[in-house]
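Structure first, then comments.
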Protein chains: 2
Amino acid sequence: MQVVILCGGSGTRLWPISRTLYPKQFVKLFQDESLFQKTVTRNAGLASSFSVVINQDQYFMGLDQLDDLKLNLKSTFILEPIGRNTAPAIAMAALACNPEEILLVVPSDHLIEKQAAYEATVNKARELAQNDRLVTFGIKPGYAETGYGYIEASGLEVKSFKEKPDAATAEAYVKAGNYFWNSGMFCFKAKVFLAELKKYAPDVYEESLKTFNNARRDQAIRLQMEDMKSIRSESIDYAVMEKSQLVNVVPADIGWSDLGSFDSLYEALPKDQEGNTLSENTIHLGSKNNLVISHNRLISTIDVEDLMIVDTSDALVIAKKGSTQKVKDLVGLVKKQNVEMTNVHTTAHRPWGSYTILEENPGYKVKQITVRPGAKLSLQYHHHRSEHWIVVSGIATVTNGDKTFDLKQNESTYIPKEAKHRLFNNQKEDLVLIEAQVGGYLGEDDIVRLQDDYKRN
Amino acid sequence: MQVVILCGGSGTRLWPISRTLYPKQFVKLFQDESLFQKTVTRNAGLASSFSVVINQDQYFMGLDQLDDLKLNLKSTFILEPIGRNTAPAIAMAALACNPEEILLVVPSDHLIEKQAAYEATVNKARELAQNDRLVTFGIKPGYAETGYGYIEASGLEVKSFKEKPDAATAEAYVKAGNYFWNSGMFCFKAKVFLAELKKYAPDVYEESLKTFNNARRDQAIRLQMEDMKSIRSESIDYAVMEKSQLVNVVPADIGWSDLGSFDSLYEALPKDQEGNTLSENTIHLGSKNNLVISHNRLISTIDVEDLMIVDTSDALVIAKKGSTQKVKDLVGLVKKQNVEMTNVHTTAHRPWGSYTILEENPGYKVKQITVRPGAKLSLQYHHHRSEHWIVVSGIATVTNGDKTFDLKQNESTYIPKEAKHRLFNNQKEDLVLIEAQVGGYLGEDDIVRLQDDYKRN
């Protein structure tokens, strides 16, 4: 069996801790593990190989987080330049493997708390998939949620798929007992899925096939922008599951949460006796039932209840418990003012490591740059800015103009405008440097890449 | 008449925006003006000269804020190395002026919203003071506050001073109509106050006189630590007002607030239609009646009410409206963990300008340093750290070892451990530089001052 991890996700519902370029599945929400990592770990014992369908901008983040698990899994990354919903994404994964292979398709950003129940449910689904069935996982509803679609079941058969209900209808569904939340997890043979896709959404199938065949291949399968644009955006539910006659539903009581809001994150996190989530660097005086996600600031509360407090270095959100679905509206408003704040954190992840903007003002910008052992930034130059580099930890192998030399802790170099330069950490420990940029224009797009290990030029 | 501005104040009740070294009266709470500046402006038309009794650590902050008003006032600064409450502080101001002078004594950290009523009340007090009376200002109580002392009046006569009452007693006081809040404002001739102090608290008078005579004098009157220690700490109320037979009270309906908590700050600040304080960089979705004090982060709220949200670069406080008197308890807890966080902001004010800590980690620290035009840091060296300076705005006149040279924007210099160095802004505009410190110990106390314009060596 192969596990297909779907890594789309726009990063708006848990903003500001998630951002477009740092979506929810990669945020380390639990004991320094991300939901993506938890998804991999959860399935590591169930499958022989993994494929990860992921936006190309997050490729190195996904790869790094996978490597950090040190599980030595066989994995294939399929890189999307733009998202086209789940039907094309799953089609790519199905096309990339043996047609007889059973695929277990899972979102990368859900939480499942009952591992044994999960494994038992997967095994049941797998048996059905072995008999050429398309299996969907129906989550036993814990309450009358109006934000999910429901599946009406009769034993293992699906009677119907239901859109998001109103409150009364949701109540009735829960009372009836044979309605399940549509979880977005599936199990089927690659060839069965592809055949049904071809039958019920032939254009999606054809364009996906063309796109797959046209992909560039190196360590990853790189789908091309022009091809992706030609595919109709469609979910697997609309394209196949709601139409196919081969569908089964497996009821799943597995401690599932989609962590689709801070309210559900609050439910999932460990809490103290007063119902406040456990977090370092927090002082509560007389406060109860609060979520606190703290960055590196000290957060104190006095006599407050039922607040979701989410702090990052550039944005703070304080929402009433039960209202956190409005975060999406908030992100819409923020985007109008400052689109960068919805895209990236002040700390940005790069294939070679990360940087944090320490200060930004007209005429200059100060960054702290961390380069992973063995990693190399592109050979580059800038039209509008000079850079000063000061090594504060580790050793940098620096190319500056025509010279390449080592820069040790407490040493510095100056890179004039237009000078070719490169930063390389040829050591076994992280390299940390302070960069002061000076110039009239300091946008990240003033960069001419002459050579790049990560094919960004 | 001379105005005596009392600038004591510990900076705990509005923490984290106020800190021990940046107390409430110097925080720019209103349209970029501090309460200290508002106090000066309020009294500028009433008096011919000012004296400011201030902790010596805040001398340059007070001087700078006074200069920034460009009022060209005649002023005397009296510098206390430690506070000894109001009786000795006022005694020093009285000793420093002509004995016949009428003193108007005012705290530096109160808000008065009705200027015309204030001036009329002061004039009434002044007439009484002219006739050798000790006048206290009694604030007409707006509600049954239990946190203040009260003055029971009979016409202009004081019948008694009352300690902070319980709620029922406070209600009775307000109903009676002849009880007033004790505001901490006074008016009297210098010689009358000193005579009464000598009569009712002779030890305080004698030790204050000795201390005053022993002070070092340059632009300021610098009281000496050993002398100050010998003075008993005492308030003017206990030492004189509650005992003297010469006391009058002038009722004052002047829009007074002591801004002693975020609750009272909320009342004083301008608000939008939903009752949220006006502040830049804030988005409210369905939220009402909130105080938001924002630093440079975007603050968003969703469906929350009656919250006092106070954000600074290193600490965030969220308190329920009505509970902000507990901030004092909070500061006690914070102090146990991190005393620096109660003392200073990440931005620290210095006589020559200010610095902001951008990043601090074992082995290195990054600061942004701003030097005022004409200002000069001390000639100094460090035992444990090297420094890299990069000028990002303005021109620095740098002494580095034996050389002195100009460093322009986009130029840098390296100062090794033990090397004498100095920074001087010999220009008409602010100088801004980025300093990266590297070393095993980076405390502010690793500084050997060889020469200093501000007498700190």
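Every read-out reported here was derived from the displayed coordinates using simple, explicitly stated rules and does not represent laboratory data. Bear in mind the structure is a predicted one, so any value in this text is a computation, not a measurement. Cβ sites come from the backbone with ideal geometry, for glycine too, and all protein chains shown count toward neighbours.
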The summed charge of the B:Ser49 Cβ neighbourhood (under 14 Å; Lys/Arg +1, Asp/Glu -1) stands at -1
Taking segment A:104-149, which GluC sites (Glu not before Pro) meet the DSSP loop condition and have no more than 13 other C-beta atoms within 10 Å?
-> A:Glu113
Peptides B:252-264, B:324-336 ordered by average Cβ neighbours within 10 Å, highest first = B:252-264, B:324-336
On the formula 1/(1 + (r/R0)^6), with r taken between the Cβ atoms of A:Glu206 and B:Leu69 and R0 of 51 Å, the FRET efficiency rounded to 0.05 is 0.10
Determine the sum of side-chain charges near A:Thr169: Lys and Arg each +1, Asp and Glu each -1, restricted to other residues whose C-beta is under 15 angstrom from that of A:Thr169.
-> -2
Over chain A, what relative contact order in percent results from Cα pairs under 8 Å that are six or more residues apart?
-> 14
Taking every residue of B:383-392, the Cβ atoms of other protein chains inside 10 Å of its Cβ average out to 4
For the protein assembly as shown, the dipole about the Cα centre with charges only on Cβ (Lys and Arg +1, Asp and Glu -1), to the nearest 20 debye, works out at 780
Once the Cα gyration tensor of the protein assembly as shown is found, what semi-axes does its equivalent ellipsoid get, as square roots of 5 times the eigenvalues, in whole Å, sorted largest first?
-> 64, 37, 20
Between copies, how far does the label point of A:Glu33 sit from its twins, in nm, shortest first, when each point is 7 Å from Cα along Cα→Cβ?
-> 5.9
Label 7 Å beyond Cα on the Cβ vector: B:Ala348 copy-to-copy distances, nm = 3.2
Cleavage-rule hits (chymotrypsin sites (Phe, Trp or Tyr not before Pro)) in segment B:94-174: DSSP loop, at most 14 neighbouring Cβ within 10 angstrom | B:Tyr143
Residues of segment B:303-345 with amide N under 14 Å of the 7 Å Cα→Cβ point at B:Ser354 | B:312-314, B:344-345
Residue of chain A nearest the A-to-B rotation axis [by Cβ], rounded angstrom distance = A:Leu358, 2
Calculate, in nm to one decimal, what A:Lys229 and A:Leu333 gain on full extension: separation in residues at 0.36 nm each, minus their alpha carbon distance.
-> 34.7 nm
Within straight-line cross-link reach of B:Lys162, lysines at Cα separation under 23 Å, skipping those fewer than 8 residues along the same chain = B:Lys140, B:Lys175, B:Lys199, B:Lys243
Beyond 19 Å, the calculated P(r) of segment B:262-326 holds a percent of Cα-Cα pairs equal to 22
Using the beta-carbon distance between A:Tyr454 and A:Thr169 and R0 = 45 Å, what value does 1/(1 + (r/R0)^6) give for FRET efficiency, to the nearest 0.05?
-> 0.35
Using the number of other C-beta atoms within 10 angstrom as an exposure proxy, rank B:Ser154, A:Ser208, B:Ser354 with the fewest first.
-> B:Ser154, B:Ser354, A:Ser208
Find the percent of Cα-Cα distances in segment A:98-164 that exceed 15 Å, and round it to a whole number.
-> 63
Mean separation of Cα contacts under 8 Å, 6 or more apart, over the residue count of segment B:377-457: relative contact order % | 44
Among A:Thr169, B:Ser183, B:Leu73, whose Cα sits farthest toward the positive end of the charge dipole of the protein assembly as shown (+1 at Cβ of Lys/Arg, -1 at Cβ of Asp/Glu, about the Cα centre)?
-> B:Leu73
So which trypsin sites (Lys or Arg not before Pro) in segment A:112-211 end up in coil per DSSP with only 14 or fewer other C-beta atoms within 10 Å?
-> A:Lys114
Computed over all unlike Cα pairs, the Kirkwood hydrodynamic radius of segment B:361-415 in Å stands at 12.6
Roughly how many nanometres apart are two label points built 7 Å out from the Cα toward the Cβ at B:Ala116 and B:Lys198?
-> 4.3
Distances from B:Leu209 to the same residue in each other copy, label points 7 Å out along Cα→Cβ, in nm, shortest first?
-> 10.8
Non-local residues with an amide H under 5 Å from the amide H of A:Ile293, with H modelled 1.01 Å from N and Pro and chain starts lacking one, are A:Ile309, A:Val310, A:Asp311
